[in-house]
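Engineer: For reference, the structure I am asking about is given below.
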Amino acid sequence: MTDLTVRVRMARVEGAQLVHLVDDFRELVGANRDVEDPAIGRLIPDPYPEDEDSSRAFRDATRDDLLDRRALDADIVRTALAGMRGDLGDMPRDEAFAEHDLDIPLSDVDAWMRTLTALRLVIAERLGIQNDDDHDPDDPRYGVYDWLGYRLELTVEAADRLL
Amino acid sequence: MIPLATPDIDEQLDLSAAPLEPWEVVVWNDPVNLMSYVVRVFRTYFGYSLERATMLMRQVHHDGQAIVATGPRETMEVHAQAMHDYGLWATVRKASR
């Protein structure tokens, strides 16, 4: 079965938000990436924290491929969201908040979940989130972080129904 | 039954060079990762049952870490990289601890 899809519903404003985040992310992991950026570091965990030589060898061998795969995943999400874009400024409010169905082919679902997770990792790094209790209700970036978690949760739920 | 090949009894296998020592992949707790997502990754990537995947996720969440795979070092590195692809914090170490 290759035509199975996972349906996610999102308002146009959500789609626009996600487009914005994914575009920033593609910039971050794209061809001109800065591997010294701590947010990039968060995407490539140290597999050998107690063995510097093995750690360097492993990361040298795998880092670029891993970031290339993050960029490919993000491209898949971005392509799927292409139809969600719209000039929100000119759009009536009820249209901007109307929900749209997005049918993600099962083969693309991992790319979606990895991208939503990677976006959360980047924001977490920028915000300095280290444990479960780190939260600042006055910082809107936490709102974005939580919303991405909610989107991921819905995607996992929908995809798990096909397991 | 006729053997397809006759074993060459003169061949010496250098067992000291064989990587018999097992390694393991450890997944560490990270507040970023959703529990449902971690369970799904363990189920779909390793093929673990819902029960086993959930048990491992709880171990990560409550104990801070869980051993999710054991085997040859090269295989464990492949698994660790896959975990990194999914945004999970995984490390590789010798199993003899």
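Coordinate-derived values only; no laboratory data. Since the structure is predicted, the reported quantities are computational estimates derived from the model, not experimental observations. Note that we place each Cβ from the backbone using ideal geometry, even for glycine, and neighbour counts take in every protein chain shown.
Engineer: How many residues, within the stretch A:112-152, are surrounded by 12 or more Cβ atoms within 10 Å (Cβ to Cβ), in contact with a Phe, Trp or Tyr (Cβ under 8 Å, 6 or more places away or on another chain) and in a loop (DSSP other than H, G, I, E, B)?
Structural biologist: 2
Engineer: Of the conditions (1) away from chain A (no Cβ under 12 Å); (2) surrounded by fewer than 21 Cβ atoms within 10 Å (Cβ to Cβ); (3) closer than 30 Å to A:ALA71 by Cα, B:ARG52 clears all except one; give me its number.
Structural biologist: (3)
Engineer: Looking at A:ALA80, A:ALA98, A:ALA111, A:ALA57, which one is hydrophobic (A, V, I, L, M, F, W, C), without any contact (Cβ under 8 Å) to a residue 40 or more places away in the chain and more than 26 Å from B:LEU34 (Cα to Cα)?
Structural biologist: Working: A:ALA80 fails: more than 26 Å from B:LEU34 (Cα to Cα); A:ALA98 fails: without any contact (Cβ under 8 Å) to a residue 40 or more places away in the chain; A:ALA111 fails: more than 26 Å from B:LEU34 (Cα to Cα).
Checking each option against the conditions leaves just A:ALA57.
Engineer: Continuing with this model, one more query. Name the pairs whose Cβ atoms lie under 8 Å apart, with the first residue in the stretch A:116-144 and within 8 Å of chain B (Cβ to nearest Cβ), the second acidic (Asp, Glu), and 6 or more positions between them or separate chains?
Structural biologist: Here the result reads A:ALA118/A:ASP73, each pair linking the stretch A:116-144 to a residue that is acidic (Asp, Glu).
Engineer: Tally time: how many residues in the stretch B:65-96 are in a loop (DSSP other than H, G, I, E, B), under 19 Å from B:TRP23 (Cα atoms) and within 11 Å of chain A (Cβ to nearest Cβ)? Even if it seems obvious, please write down each step before you answer.
Structural biologist: First pass over the stretch B:65-96, keeping only residues in a loop (DSSP other than H, G, I, E, B): B:72, B:86-88, B:95-96.
Keeping just the survivors that are under 19 Å from B:TRP23 (Cα atoms) gives B:72, B:88, B:95-96.
Of the ones still in play, those that are also within 11 Å of chain A (Cβ to nearest Cβ) are B:88.
Selection size over the stretch B:65-96: 1.
Engineer: Filter the stretch A:39-59 for residues that are more than 21 Å from the chain's Cα centre (by Cα) and farther than 18 Å from B:MET76 by Cβ and give the result.
Structural biologist: We begin by selecting, within the stretch A:39-59, every residue more than 21 Å from the chain's Cα centre (by Cα); these are A:47-59.
Within the stretch A:39-59, just A:GLU52 meets the criteria.
Engineer: A further question follows. Please find, within the stretch A:94-111, the residue that is farthest from the other protein chains (Cβ to nearest Cβ) out of those that are aliphatic (A, V, I, L, M) and surrounded by 13 or more Cβ atoms within 10 Å (Cβ to Cβ).
Structural biologist: Of the stretch A:94-111, the ones aliphatic (A, V, I, L, M) are A:96, A:98, A:102, A:104, A:106, A:109, A:111.
Still in the list and also surrounded by 13 or more Cβ atoms within 10 Å (Cβ to Cβ): A:96, A:102, A:104, A:106, A:109, A:111.
On the way: A:ALA96: 27, A:LEU102: 19, A:ILE104: 15, A:LEU106: 11, A:VAL109: 9, A:ALA111: 10 Å.
By that ranking, first place goes to A:ALA96.
Engineer: Among the residues of the stretch A:29-52, write down those that are surrounded by 11 or more Cβ atoms within 10 Å (Cβ to Cβ), in a loop (DSSP other than H, G, I, E, B) and of a type in the set (A, V, I, L, M).
Structural biologist: Residues satisfying the conditions are A:VAL35, A:ILE44.
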